[in-house]
């Protein structure tokens, strides 16, 4: 079984500042990793995913994430955030034989002017 | 291509009633999964269907059931509603079953159920 820990429940940041949302996972087998974003009153939108290969993954809206196998981490970063990035961010993991995404509890990103 | 659609978007029911939620996947997607999202428990897996077969079910009581039709549309039903069933129910679709080569699941906007 796999599990995900999102280390920060809330991250406040000023507009145009960089941000990192942390995600650590636990698994005894190889996994695929995802970051989703949820805006108020909406479903989940895929930001990016790691399947294999290059450990630096680029996604939509200027986000990127780095897979670190030794530290079992998949942290999400953005060099300069906008007000519109205010949302809930979820890290998720699934194995190749898995049938459901295992989500972290989410990190609420609040961007203020 | 249209995304995943869910109906209704909002629903208010009373304890003891039953409810049916509907999900239409992205055209061509044969896999549909359902998740329950609550503030306390976060996102929890309910069911996964592929080609009309329920392949997996999460740790939920038998009051929660579902099905998938030949056109890949899916419904989930909750009988004898309890206050704790109040949640956002999210449907996700994918071309292949989740986990297969890192298949991406695309989520609908959800149905927000309030049980009074």
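The values are calculated or read from the model by the stated rules, or taken from the named source; none is laboratory data. Fair warning: this is a prediction, and the values are worked out from it, not measured in the lab. Neighbour counts run over all protein chains shown; Cβ positions are idealised from the backbone, glycine included.
Can you name the residue in the stretch A:2-22 that is within 14 Å of chain B (Cβ to nearest Cβ) and within 18 Å of residue A:68 (Cα to Cα) and, of all such residues, is surrounded by the most Cβ atoms within 10 Å (Cβ to Cβ)?
Looking at the filtered set, the residue picked out is A:4.
Determine the pairs where a residue that is at the interface with chain A (Cβ under 9 Å from one of its Cβ atoms) and on the phi > 0 side of the Ramachandran plot, located within the stretch B:28-54, has a partner that is in a strand (DSSP E or B) and buried (at least 22 other Cβ atoms within 10 Å of the Cβ) with Cβ atoms under 9 Å apart, the partner being 6 or more residues away or on another chain.
Listed by first residue and then by second, the contacts come to B:42/A:90; B:42/A:103.
Within the stretch A:23-39, take every residue that is surrounded by fewer than 17 Cβ atoms within 10 Å (Cβ to Cβ) and modelled with pLDDT of 90 or more and give me the one that is farthest from residue B:37 (Cα to Cα).
Filtering the stretch A:23-39 for residues surrounded by fewer than 17 Cβ atoms within 10 Å (Cβ to Cβ) gives A:26, A:28-30, A:39.
Add one more test, that the residue is modelled with pLDDT of 90 or more, and what stays is A:26, A:39.
On the way: A:26: 22, A:39: 14 Å.
Looking at the filtered set, the residue picked out is A:26.
Quick check on the stretch A:75-104: of everything there that is crowded, with 17+ Cβ neighbours inside 10 Å and in contact with a helix residue (DSSP H, G or I) (Cβ under 8 Å, 6 or more places away or on another chain), which residue is farthest from the other protein chains (Cβ to nearest Cβ)?
By that ranking, first place goes to A:78.
Quick check on residue B:39: is it at pLDDT 95 or above, surrounded by fewer than 17 Cβ atoms within 10 Å (Cβ to Cβ) and under 21 Å from residue A:102 (Cα atoms)?
Values: at pLDDT 95 or above: no; surrounded by fewer than 17 Cβ atoms within 10 Å (Cβ to Cβ): yes; under 21 Å from residue A:102 (Cα atoms): yes.
Spelling it out, it is not the case that residue B:39 is at pLDDT 95 or above, surrounded by fewer than 17 Cβ atoms within 10 Å (Cβ to Cβ) and under 21 Å from residue A:102 (Cα atoms).
Suppose we filter the stretch A:44-74 for residues that are surrounded by fewer than 19 Cβ atoms within 10 Å (Cβ to Cβ), away from chain B (no Cβ under 14 Å) and either closer than 24 Å to residue B:37 by Cβ or touching a strand residue (DSSP E or B) at 6+ places or on another chain (Cβ under 8 Å) (or both); how many remain?
Residues in the stretch A:44-74 being surrounded by fewer than 19 Cβ atoms within 10 Å (Cβ to Cβ), away from chain B (no Cβ under 14 Å) and either closer than 24 Å to residue B:37 by Cβ or touching a strand residue (DSSP E or B) at 6+ places or on another chain (Cβ under 8 Å) (or both): 11 in total.
Could you check the stretch A:33-94 for strands (runs of 3 or more DSSP E) lying wholly inside it with 2 or more residues that are touching a residue at least 40 places away in the same chain (Cβ under 8 Å)?
On the way: elements: A:44-50, A:56-58, A:64-68, A:73-78.
Filter on the stretch A:33-94 gives A:44-50, A:73-78.
In this structure, does residue B:109 turn out to be under 18 Å from residue B:5 (Cβ atoms), within 10 Å of another protein chain (Cβ to nearest Cβ) and not in a helix (DSSP H, G or I)?
On the way: under 18 Å from residue B:5 (Cβ atoms): yes; within 10 Å of another protein chain (Cβ to nearest Cβ): yes; not in a helix (DSSP H, G or I): yes.
So residue B:109 fits the description; yes.
Regarding residue B:96, is this residue in contact with a strand residue (DSSP E or B) (Cβ under 7 Å, 6 or more places away or on another chain), at the interface with chain A (Cβ under 9 Å from one of its Cβ atoms) and either assigned to a loop (DSSP other than H, G, I, E, B) or buried (at least 20 other Cβ atoms within 10 Å of the Cβ) (or both)?
Details: in contact with a strand residue (DSSP E or B) (Cβ under 7 Å, 6 or more places away or on another chain): yes; at the interface with chain A (Cβ under 9 Å from one of its Cβ atoms): no; either assigned to a loop (DSSP other than H, G, I, E, B) or buried (at least 20 other Cβ atoms within 10 Å of the Cβ) (or both): yes.
It is false that residue B:96 is in contact with a strand residue (DSSP E or B) (Cβ under 7 Å, 6 or more places away or on another chain), at the interface with chain A (Cβ under 9 Å from one of its Cβ atoms) and either assigned to a loop (DSSP other than H, G, I, E, B) or buried (at least 20 other Cβ atoms within 10 Å of the Cβ) (or both).
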